[in-house]
Amino acid sequence: MKRERYDKFGTFDEPPPSHAYTHHPFEDIFGFAFGGFDTGNSFFQKHRISMRLFLHSLLERSHTQPFIIFAYSGYCQLCFRLEPIWRNVVEDLEPLGYGIGTVNAMTDGNLLEKLRISRLPSVVVVVEGRVIHYRGTMQPLSAKGLRIFARDVIPNTFLIKITNHDGLRRFVDQWKTFNRISVVIFGSKEDPRIRYMLMAMKYAKFARFAYVYLNDQSTDIVKMRQALNIVCFNCETILIFNDFPQISVVIFGSKEDPRIRYMLMAMKYAKFARFAYVYLNDQSTDIVKMRQALNIVCFNCETILIFNDFPQNGPVARDTVTSAKEFSMDKMGGLIENNRHLTLPRLTSQVYFDDLCPISSRSLRKLCVILAVTDSSSDSKHIALFRSFAHKHAEAYKKDRLQFAYIYVNKQREFMMPFLENLPQNERLALQVSFSTGPM
């Protein structure tokens, strides 16, 4: 149990000691629990969170993973009548990567106040540090309604819906602005599946995600499918486009709205990628052209494309499945992880630097070659030449674990200062001049 709690919440925080459950002599006569309905073995206990867990773990993690929380009390009879429904929702959402939590009002009343919960039972979702309350009826409670709520509260900024070829081109061509790869998901559903949304959220730091509805018969979508060689309309396809600077992920789906797994993925990887969603069954001219351009022929499939900083060369990775369930979070995550960096990414933060040039494990260490330039137009040619070199020799240097990158010295002054100490005086003075020129 300790290991399971650590994997879920990143801490060994234990539930407070509770009164042992004892059988009351009148329970068999009157048919209800004198000591409360929670015998200590309820399903609610498995995901219990405390104020400490919430403040020191869940709040921060909610920026890459949403958490759905059920508030209950040991004396709330309705709460325990809803336990089977809650279990059903958890069994659907947890394997996709959705965070799960429960709060017992009897032991964690201070957390209920923090979550602004005034009635029991209640359901809330914590996403990007915000608490969103479920406003639907709790009696009867619908498992489907909770799943829709869990999907709809994920911000659509993590997974963009694309409906025409021009939109796809703009999305993929923005790699330089965002410094992330692009992931495009082609789906057979008009709305993205929740697993795509979760993936987009999870990898938002490394990639951008987009979704395309594959069965859209518009000219743009048809052309997009053809250009990307997507022939299965009932499949789910993922394409990854890299270099230039965030990868871009475009998801083509058979649902009009992105599935919750896509939104969770987009949220998780938002710092590394941009995500977009295209409804494949949209019959508009734009969507048809897009399908043709990307060679997508299966309208009922789910497709993910990933683009890097060479979008003109097409996606660097793609995957298509006939059933969205085949796109497990592990499978989608693996696709992102293997293609999450541009050919020549720009160092924009310490987090990004640590990810590109890890030092925590000898087996993961890389030799990083960093081009120091400014963001002036005069240096753009040097970046372009360095990017072409990195792209041309990528395979040759792969076995040597070489990582190429560039940095704007006038924007990352503190990062560059330690490098100046061992430089010749003329080079050090030249870089110091660069620090003082150009916009911050």
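Taken together, the values in this text are just the output of simple stated rules run on the coordinates, not laboratory data. Every value quoted in this text rests on a predicted model; they were computed, and no experiment measured them. Note that each Cβ is placed from the backbone with ideal geometry, even for glycine, and that neighbours are counted across all protein chains shown.
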Filter on Lys381/Lys411; Lys268/Lys331; Lys289/Lys398; Lys189/Lys289; Lys46/Lys268 - keep pairs with C-alpha separation over 26 Å: Lys289/Lys398
Value of [θ]222 nm, deg cm²/dmol, for the chain, DSSP H segments ≥ 4, -39500 (n - 2.57) each, nearest 500: -9000 deg cm²/dmol
Out of Leu342, Leu429, Leu402, any idea which swings most in a Gaussian network model of the chain, alpha carbons joined below 10 Å? Leu429
Lys, Arg +1 and Asp, Glu -1 on Cβ, resulting dipole of the chain about Cα centre, debye, nearest 20: 660
Can you give the three extents of the C-alpha atoms in the chain along their principal axes, from longest to shortest, in whole Å? 88, 58, 37
Mind ranking 211-218, 101-108 by how tightly packed they are, going by the mean number of other C-beta atoms within 10 angstrom, highest first? 211-218, 101-108
Where both residues lie in segment 159-337, what percent of DSSP beta bridges are antiparallel, nearest 5? 45
What does DSSP give for the chain in terms of the percent of beta bridges that are antiparallel, rounded to the nearest 5? 45
Residues with amide H under 5 Å of Ser122's amide H, sequence separation 5 or more or different chain, H placed in the peptide plane at 1.01 Å from N; which? Ala71
Checking every Cys Cβ in the chain against the others at 4.7 Å leaves as unpaired none
Please report the spacing between the Cα centers of segment 308-354 and segment 189-222 in Å, no decimals. 14
Stretched fully, the stretch from Tyr397 through Asp152 gains (0.36 nm per residue minus C-alpha distance, one decimal, in nm) 83.8 nm
Using the Cα centre of segment 159-337 as the reference point, and only Cβ charges (+1 on K/R, -1 on D/E), how large is the resulting charge dipole? Debye, rounded to the nearest 20. 420
